[in-house]
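The values are calculated or read from the model by the stated rules, or taken from the named source; none is laboratory data. This is a predicted model, so every value here is computed, not measured. Virtual Cβ from ideal backbone geometry, glycine too; neighbours counted across all protein chains shown.
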């Protein structure tokens, strides 16, 4: 099954990009935004292998919609290495 998950990615300058998905209770980091997302995808895959899909996604509906709410200007550093966009993880 395919889920749309909200993901928060925070640029930390030279320290990389931490990414987290609170619904799946997963965290990862990367040197770029894309790497952080890929590492987060792998972390979620590992959670599914260990606990099962039903357990990992128990609070998420596959019919759910993810939207981005911008409340302030995005820092210029955020765009560095972030080719897949932000706010969506599919």
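In table form, for the structure just shown:
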{"item": "Search result, residues across the range 31-61 that are outside any helix (DSSP H, G or I) and under 15 Å from residue 21 (Cα atoms)", "result": "57, 58, 59, 60, 61"}
{"item": "Filter result (without any contact (Cβ under 8 Å) to a residue 12 or more places away in the chain, closer than 16 Å to residue 6 by Cα and surrounded by 14 or more Cβ atoms within 10 Å (Cβ to Cβ)) within the range 26-59", "result": "38"}
{"item": "Whichever residue in the range 36-84 is over 14 Å from residue 24 (Cα atoms) and touching a helix residue (DSSP H, G or I) at 6+ places or on another chain (Cβ under 9 Å) and, among such residues, is modelled with the highest pLDDT", "result": "82"}
{"item": "Single residue of 18, 62, 11 found to be surrounded by 15 or more Cβ atoms within 10 Å (Cβ to Cβ) and in contact (Cβ under 8 Å) with a residue 40 or more places away in the chain", "result": "11"}
{"item": "Selection from the range 2-28 of residues that are within 10 Å of the chain's Cα centre (by Cα) and in a strand (DSSP E or B)", "result": "5, 8, 9, 18, 19, 20, 21, 26, 27, 28"}
{"item": "Criterion (at pLDDT 90 or above and touching a strand residue (DSSP E or B) at 6+ places or on another chain (Cβ under 7 Å)) met by exactly one of 30, 16", "result": "30"}
